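Worksheet: one structure, shown below.
What follows is calculated from the coordinates using simple rules that are stated; it is not laboratory data. For clarity, every value in this text was computed on a predicted model and none was experimentally measured. No Cβ is skipped: glycine too gets one built from the backbone with ideal geometry, and neighbour counts run over all protein chains shown.
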Amino acid sequence: MILALLGAVGAYLTAWAGLGFTAEPLWWVSLVAPLVASLGALLRHRGLLAAGLYLQVGLAAGVAAVGERSLALAAVALAVWSWDMGNLARARLRLGDPRKVRRLVLGAVGRSAALALAGLGVGLGFSSLRVRVPFWGVVGGVALGWLGLVLLLRAVRRAYGLGGEASGNRSDSVGLTR
Amino acid sequence: MDVGKARAELVLVALLLGVGIGLRMPVLAFVALPLAVHLLGGFVLAAADRRPRLLASRSLTSSRAWEGEELEVRVQVTNQGRRVELLYLKDPVPPRAVILEGQAERLTDLGPGETAALSYRIRVRRGVYEFRGVQVQAYDLLGFVGWSEEVPCPAALTVLPRYERLQGVALAPRRTLPQAGTARSRRAGSGVEFFGCREYRPGDEIRRINWKASARSGELVVTEYEEERAADVAIVLDVREAAYRGENPLDLLDHAVRGAASLVEGFLAGGNRVGLLLYGAYLDWVYPGYGRRHGERVLRRLAAARPGRSEIFAELRRIPTQLLPSGSQIAVVSPLLPGDEEDLGALAARGYRVMVLVPDVTTMERESLGEGPEVELAARILALERRALLSRLYAARVRPLVWDVRYPLAPQARAAWRRVQ
């Protein structure tokens, strides 16, 4: 939970830095983004966490449009990391063996950080490329990417079975009732 | 399968790409890149090392227990598939059971072939419980793909009501059975209760000669004793929801069930033929029988008793007397509702000997209500109502026994039956 809060605050500060720490009165409205994300982390509420991510990414998109692009990408990476940590806090960690839980949390933090950094790297790499792509090329690329994601989702869904059941997961054990 | 997190990210990526392309702002598409990488990477890692194939088994200390007894439940879940990174296990505990030690839920990871166990001790209340399975939720570390199911590991548990040993149960039915028992048969024979005197007949035992009466009358007189025989006894347990009021109606029903179980065991111990009728929400019965196996059968039926509401069985006058041999003893266990005394009187008028065991709801509730003039006044009004009800029962030739459930039944029953005798 603390990590999620740190991530939300970090994303906000990074986005603010992207605008040169502006003191425009309208800027303070953007405080709602970290507030919602923090509330989601504190209350362990899935909907608020998602709303917080949407608001923070929206804020970063706005910063990217008018301010420093690399800092906006960093803000997105931090928001995504915060979102992961918030979701991790929703798992019932207190029910686990403390040593195992510490190992799980470290694994999750590491994996999330690696993915966020990879995303940041890809974002920065693509934004530094100076390639002229025709408009319809972009549309086609996006459509193909979208299709790929949907196919991947469907494949995973099929692999785990439909209706919340995993194949081959039926136990014929009647238990060891004595 | 739960892919809520992945879906939320996918929608956000699509939104950014759509708006970016629509407004010809490639910078928005760049903002979507970290998200897309996170989503793809997370999904690939989740799919690569997670395919839960679990097998569960359960063991109980015993499948039959007495209420209030402690039981140990152990559930083992074995992973027969690939590694599960986050596994949440929860075993649904029977209603009204209290966990004394251990936990019925756990979070862990589970490698291939590894086993996770849930072990806990519970104290159970009366009832028949069906353990079905253990609830399982499996996630990857970042929660992109979640999966939840109930892995079956069934077991049955019957928690029988506790009972007290009642002695000196006074039975005086109109009709008795040929076997020896404890019911007064109103005929001379072998027994211990004085029945009368008659003139000596050849063949009478010498030790039965009443010498004092013989001296007074001038001819030999023998003493006769009342023969004690077995009787048909029907225990009627009232399970009408309306009869069980107050803050803890189920506690009151538990007391009533304990009372019924004590009567069943007491009558069976006296050699009587005992049947059971659960009356109210539904109609359920056990045909009259003898012995310990029959007693176990009746206790199991009592364990499953639960209150309910029924239009058909809303009044005691609708007790199906076809199930009860005429002239037999009926023992009704009920907190009673206004008007029940008339129905019980009607049973007595039909030739049944009726006794009613009334678990007293007012004494049970009194402690939880605290002190105060209003409580005192309410208690007095209820006591007066109770007294009026009892006098109406006596007038209807029904023998009531009011049970103050704060104390054991046996001494109260013994005192009441001694008064009757």
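With bins 10 Å wide beginning at 0, the percent of Cα pairs of the stretch B:337-399 falling in each bin runs 20, 42, 24, 12, 2.
Largest first and in whole Å, what are the equivalent-ellipsoid semi-axes of the stretch B:4-48 based on the Cα gyration tensor, each being the root of 5 times an eigenvalue?
Working: eigenvalues 101, 21, 6 Å².
Each semi-axis is the square root of five times an eigenvalue, giving 23, 10, 6 Å.
Only the Cβ atoms of Lys and Arg (+1) and of Asp and Glu (-1) were treated as charged; on that basis the dipole of the stretch B:54-160 about its Cα centre amounts to roughly 300 debye. For peptide A:50-60, the mean count of partner chain Cβ atoms within 10 Å of a residue's Cβ comes to 3. Relative to the 2.2 N^0.38 Å rule of thumb, the stretch B:186-331 has a C-alpha radius of gyration ratio of 1.51.
If you put +1 on each Lys and Arg Cβ and -1 on each Asp and Glu Cβ, how big is the dipole of the stretch B:188-228 around its Cα centre, in Debye rounded to 20? Display every interim value, and only then the final one.
Details: 6 positive and 9 negative charges, 63 e Å.
Its charge dipole is roughly 300 debye.
Here the peptides B:202-212, A:137-147, A:108-118 are ranked by packing, the mean other Cβ count within 10 Å, and the order with the highest first is A:108-118, A:137-147, B:202-212.
Of the residues B:Val222, B:Val151, the one with the fewest other Cβ atoms within 10 Å heads the list, and the complete ranking is B:Val222, B:Val151. 3J(HN,Hα) couplings calculated from phi for the stretch B:393-409 with the Karplus curve 6.51 cos²θ - 1.76 cosθ + 1.60 (θ = phi - 60°) are, in sequence order, 5, 4, 5, 8, 6, 10, 8, x, 9, 8, 10, 6, 6, 6, 10, x, 6 Hz; Gly and Pro show x.
Counting, for every residue in B:142-149, the Cβ atoms of other protein chains within 10 Å of its Cβ and taking the mean gives 6. Taking amide H atoms as placed 1.01 Å from N in the peptide plane, the amide H of B:Glu164 lies under 5 Å from those of B:Ser262, each 5 or more residues away in sequence or on another chain.
Along the stretch B:239-245 the Karplus relation, 6.51 cos²θ - 1.76 cosθ + 1.60 evaluated at θ = phi - 60°, assigns HN-Hα couplings of 10, 5, 4, 5, 7, 10, 10 Hz to successive residues, with x for each Gly and Pro. Here the protein assembly as shown is treated with +1 on each Lys and Arg Cβ and -1 on each Asp and Glu Cβ, and its dipole about the Cα centre works out to around 1080 debye. Sorted largest first, the spans of the alpha carbon positions of the protein assembly as shown along the three principal axes are 140, 57, 41 Å. Roughly how many whole Å is it from the C-alpha centroid of the stretch B:301-339 to that of the stretch A:69-141? Here the answer is 68 Å between Cα centres.
With q set to 0.13 Å⁻¹, the log10 of I(q)/I(0) for the stretch B:264-421, from the Debye formula over equal scatterers at the Cα positions, is -0.71. Quick one: check the C-alpha center-to-center distance for the stretch B:101-154 versus the stretch A:1-66, whole angstrom. Here the answer is 37 Å between Cα centres. Panel order for B:Arg240, B:Arg74, by other beta carbons found within 10 Å of each beta carbon, from fewest to most: B:Arg74, B:Arg240.
Relative to the compact-globule scaling 2.2 N^0.38 Å, provide the ratio for the alpha-carbon radius of gyration of chain B.
Details: Rg = 33.3 Å, N = 421, 2.2 N^0.38 = 21.9 Å.
Working it through for chain B, the quotient is 1.52.
Let me know the whole percent of all Cα-Cα pairs from the stretch B:1-135 that are separated by more than 18 Å. Roughly 66 percent, rounded to a whole number.
Would you list B:Arg96, B:Arg58 from fewest to most Cβ contacts within 10 Å? Don't skip to the answer; put the middle values down first.
Details: B:Arg96 16, B:Arg58 24.
By the 10 Å Cβ count, ascending: B:Arg96, B:Arg58.
On a per residue basis, the convex hull of the C-alpha atoms belonging to the stretch B:274-347 measures out at 95 Å³.
Computed from the alpha carbon positions, the gyration tensor of the stretch B:38-87 leads to an equivalent ellipsoid with semi-axes of 39, 11, 6 Å, biggest first. Couplings 3J(HN,Hα) of the stretch B:333-345, computed from phi: 10, 7, x, 6, 10, x, x, 5, 4, 5, 5, 5, x Hz, in residue order, whole Hz [Karplus 6.51 cos²θ - 1.76 cosθ + 1.60, θ = phi - 60°; x for Gly and Pro]. Starting from the Cα gyration tensor of chain A, take the square roots of the eigenvalues, sort them a ≥ b ≥ c, and report rounded, prolate or oblate (rounded when a/c is under 1.5, otherwise prolate if a/b is larger than b/c, else oblate). Verdict is oblate for chain A. Where the alpha-carbon atoms of the stretch B:142-258 are placed on the principal axes, they occupy 107, 34, 21 Å, in descending order.
Less than 12 Å from a label point 7 Å out along the Cα-to-Cβ axis of B:Arg198: which backbone N atoms in the stretch B:209-233 qualify, by residue? Backbone N within reach: B:222-227.
What Kirkwood hydrodynamic radius do you get for the stretch A:29-132 when you take the inverse of the mean 1/r over all pairs of distinct Cα atoms, in Å? The answer is 14.8 Å.
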